[in-house]
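What follows is one structure encoded as structure tokens, with my remarks underneath.
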Amino acid sequence: MPGPTKEGALFARTRRTAWAAIGLALAAVAALALACGGEQGETPAGQVPTTPGVIALRAGLNDPQDVNIAVLEFLPESITVPVGTTVEWRLTGPEPHTVTFLAPGQRPPTSEQELPPFFAPTPPTGPYDGTAFVNSGLQPLGPNPVTFQVTFARAGEYNYLCVIHPGMTGKVTVTEDARQADSQQEVTRRGDQELQQWLQEGRAAKQRLMSQQPRRTANPDGTTTWFVEMGTTTEHTDVLAFAPVPATLRAGDRVTFVNDSGAPHTATFLDGRSAPSPDSPEVGQVVPGPSPQVLNAQSYFNTGLLPPNAPPGNAPPEAARSFTFVVAQPGRYTYVCLLHVPSGMAGTIEAQ
């Protein structure tokens, strides 16, 4: 059965570099979002709904206790079901994912230009036998969970992936012997067990991010440049939070946002405006101009998309992943990441 090739797995590990294209493509596919499933209310961990003939699992999950922490795994990663079973993936969000089964010989996208077809849903036209491309599309595109279903027609192994998150792969083993299959209770139990592991991993990473001493340099004019980390990434999670700006920041100091995570981000000062949606071209626009910029509390400022520190060994240099603001006046300045507003990625500068 089709599954990610070695080339595809390598590409998946660098998938987060494609968020610029994702943002521009979301608007085009938003109208198709519900084609792959209905909206449902929030389902807490451990309470996956059950339907006869359906096995349900989760496709990623933001921490119920801390929306900043996004688990980038199918929960559980592998299941075994009888022939004829319908598998249902719950895409809860707010961090979106895809459930993507590649056709034989098909490879994942290898450039941003090839990504848009993967954002729109391509649901199965009937029982699935592994000979066609089947895809949830990028989900959810709004605040409500979405479901995606595939009914498996014949025995075998079916591999699938999320095209925008590295290492997020899954497998459905379909068996003719129902005695070898997982019950819904077993799928839920394993999913919860894996979830707890990844939540602990993400929570520990956030604790390290938020408690670390910020890097700083002394400038010749007596001011200080403070470096703020834009999130962090683990093997199974993204922490969608800014490291805090130190309380000792003084007017005249500089703040340099540095993206060392595995996901792209912005640092955007909205000046009381509503945040544009991730599909807006504004997300990628550098406003009012290139780094460094003198910050004020009356204007809109946006770094544009700062690329991730990926792929390993071949990431953009830190200068390309950074943006500096001069905090010339005392005051309180709030900012967000436009890509991850639903995940609560926001921060504050308080200059004395």
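The values are calculated or read from the model by the stated rules, or taken from the named source; none is laboratory data. Predicted, not measured: the structure shown is a model, and the values here were computed from it. Don't worry about glycine lacking a Cβ; one is built from the backbone with ideal geometry, like all the others, and counts go over all protein chains shown. For accessibility, only protein heavy atoms count, side chains too; no ligands or nucleic acids. Shrake-Rupley method; radii C 1.70, N 1.55, O 1.52, S 1.80 Å.
At-a-glance table
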{"read-out": "Heavy atoms of K171: accessible area, 1.4 Å probe, square angstrom to 10", "value": "60"}
{"read-out": "Contour minus Cα-Cα distance for F133 and N296 (0.36 nm per residue)", "value": "53.7 nm"}
{"read-out": "Prolate/oblate/rounded label for the stretch 244-321 (Cα gyration tensor, a/c 1.5)", "value": "oblate"}
{"read-out": "Shape category assigned to the stretch 144-240 from the gyration tensor of Cα positions, a/c cut at 1.5", "value": "prolate"}
{"read-out": "Within the accessible area of the stretch 202-352 (1.4 Å probe), percent carbon and sulfur", "value": "51"}
{"read-out": "Extended-chain gain in nm, criterion 0.36 nm per residue less alpha-carbon gap, T348 and Q197", "value": "51.3 nm"}
{"read-out": "Cβ-Cβ FRET estimate between E176 and R107, R0 fixed at 35 Å, reported to 0.05", "value": "0.70"}
{"read-out": "Chain lengthening between Q207 and N219 when straightened (0.36 nm per residue, less Cα-Cα)", "value": "1.4 nm"}
{"read-out": "Estimated FRET transfer efficiency (E235, T51; beta-carbon r; R0 41 Å; 0.05)", "value": "0.80"}
